[in-house]
Amino acid sequence: MILSGGQPHRASEWADAADRSLEEQLADIAQEVTLRGEAADRRGQDEISAARQKRIRWETAMDDTRVRYAEAYRVRHFEAQKWHGATPPDCTST
(Lines give C-alpha, C1' and ligand atoms only; values in the text may rest on other atoms or scores of the structure.)
Protein backbone atom coordinates (compact mmCIF):
# COMPACT_ATOMS: atom_id res chain seq x y z
CA MET A 1 0.00 0.00 0.00
CA ILE A 2 1.34 3.46 -0.95
CA LEU A 3 0.02 6.63 0.65
CA SER A 4 0.74 9.76 -1.35
CA GLY A 5 0.02 13.40 -0.69
CA GLY A 6 0.34 15.41 2.43
CA GLN A 7 3.31 15.66 4.72
CA PRO A 8 4.73 12.22 5.56
CA HIS A 9 5.30 11.58 9.26
CA ARG A 10 6.44 8.00 9.55
CA ALA A 11 6.07 6.09 6.32
CA SER A 12 4.45 6.25 2.93
CA GLU A 13 4.61 2.60 1.93
CA TRP A 14 3.47 -0.58 3.67
CA ALA A 15 3.56 -4.16 2.50
CA ASP A 16 3.31 -7.67 3.80
CA ALA A 17 6.51 -8.59 5.60
CA ALA A 18 7.78 -11.87 6.99
CA ASP A 19 7.16 -10.72 10.55
CA ARG A 20 4.05 -8.58 10.02
CA SER A 21 1.13 -8.74 7.58
CA LEU A 22 -0.39 -5.68 5.95
CA GLU A 23 -3.54 -6.20 8.01
CA GLU A 24 -1.48 -5.95 11.21
CA GLN A 25 -0.13 -2.61 9.98
CA LEU A 26 -3.57 -1.05 9.42
CA ALA A 27 -3.41 0.86 12.72
CA ASP A 28 -0.09 2.43 11.63
CA ILE A 29 -1.58 3.31 8.24
CA ALA A 30 -4.66 4.87 9.85
CA GLN A 31 -2.46 6.86 12.22
CA GLU A 32 -0.38 8.13 9.28
CA VAL A 33 -3.55 9.23 7.47
CA THR A 34 -4.75 11.01 10.63
CA LEU A 35 -1.41 12.78 11.15
CA ARG A 36 -1.32 13.96 7.54
CA GLY A 37 -4.90 15.18 7.78
CA GLU A 38 -4.19 17.11 10.97
CA ALA A 39 -1.10 18.69 9.40
CA ALA A 40 -3.14 19.71 6.35
CA ASP A 41 -5.79 21.24 8.63
CA ARG A 42 -3.13 23.24 10.49
CA ARG A 43 -1.66 24.47 7.22
CA GLY A 44 -5.11 25.49 6.04
CA GLN A 45 -5.80 27.37 9.27
CA ASP A 46 -2.39 29.08 9.05
CA GLU A 47 -3.15 30.16 5.48
CA ILE A 48 -6.55 31.53 6.52
CA SER A 49 -4.97 33.39 9.42
CA ALA A 50 -2.23 34.83 7.19
CA ALA A 51 -4.82 35.96 4.63
CA ARG A 52 -6.88 37.57 7.39
CA GLN A 53 -3.83 39.43 8.72
CA LYS A 54 -2.91 40.57 5.21
CA ARG A 55 -6.46 41.88 4.72
CA ILE A 56 -6.34 43.74 8.06
CA ARG A 57 -3.00 45.35 7.12
CA TRP A 58 -4.41 46.35 3.73
CA GLU A 59 -7.55 47.85 5.29
CA THR A 60 -5.45 49.75 7.83
CA ALA A 61 -3.20 51.10 5.09
CA MET A 62 -6.24 52.18 3.07
CA ASP A 63 -7.77 53.92 6.10
CA ASP A 64 -4.49 55.74 6.74
CA THR A 65 -4.30 56.74 3.08
CA ARG A 66 -7.85 58.11 3.15
CA VAL A 67 -7.07 60.18 6.25
CA ARG A 68 -3.84 61.57 4.73
CA TYR A 69 -5.63 62.37 1.47
CA ALA A 70 -8.47 64.15 3.26
CA GLU A 71 -5.99 66.18 5.30
CA ALA A 72 -3.99 67.12 2.21
CA TYR A 73 -7.21 68.12 0.44
CA ARG A 74 -8.22 70.34 3.38
CA VAL A 75 -4.80 71.99 3.43
CA ARG A 76 -4.92 72.70 -0.32
CA HIS A 77 -8.48 74.02 -0.04
CA PHE A 78 -7.58 76.26 2.91
CA GLU A 79 -4.49 77.61 1.14
CA ALA A 80 -6.51 78.32 -2.01
CA GLN A 81 -9.12 80.22 0.04
CA LYS A 82 -6.43 82.12 1.93
CA TRP A 83 -4.70 83.31 -1.24
CA HIS A 84 -7.88 84.07 -3.18
CA GLY A 85 -9.36 86.08 -0.37
CA ALA A 86 -6.19 87.87 0.64
CA THR A 87 -5.98 91.61 0.24
CA PRO A 88 -2.70 93.47 0.06
CA PRO A 89 -1.75 95.32 3.21
CA ASP A 90 -2.43 99.04 3.33
CA CYS A 91 0.99 100.56 2.90
CA THR A 92 -0.16 104.20 3.04
CA SER A 93 -0.81 104.40 6.75
CA THR A 94 1.78 104.01 9.39
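When segment 23-57 is filtered for residues that are of a type in the set (Lys, Arg) and more than 18 Å from Ile2 (Cβ to Cβ), the ones remaining, listed by number, are Arg42, Arg43, Arg52, Lys54, Arg55, Arg57. Would you confirm whether or not segment 1-22 contains a residue that is assigned to a helix (DSSP H, G or I) and either without any contact (Cβ under 8 Å) to a residue 12 or more places away in the chain or not aliphatic (A, V, I, L, M) (or both)? No: zero hits. The set of residues in segment 1-30 being among the acidic types (Asp, Glu) and touching a strand residue (DSSP E or B) at 6+ places or on another chain (Cβ under 8 Å) consists of Glu13 alone.
Answer yes or no as to whether Ala61 is at pLDDT below 95 and surrounded by 10 or more Cβ atoms within 10 Å (Cβ to Cβ). Criteria not met by Ala61.
Per the conditions (1) modelled with pLDDT under 90; (2) surrounded by 10 or more Cβ atoms within 10 Å (Cβ to Cβ), the sole criterion not satisfied by Asp28 is (1).
The values are calculated or read from the model by the stated rules, or taken from the named source; none is laboratory data. Because the structure is predicted, anything quoted here is derived from the model rather than measured. All Cβ positions, even for glycine, are placed from backbone atoms using ideal geometry, and neighbour counts span all protein chains on display.
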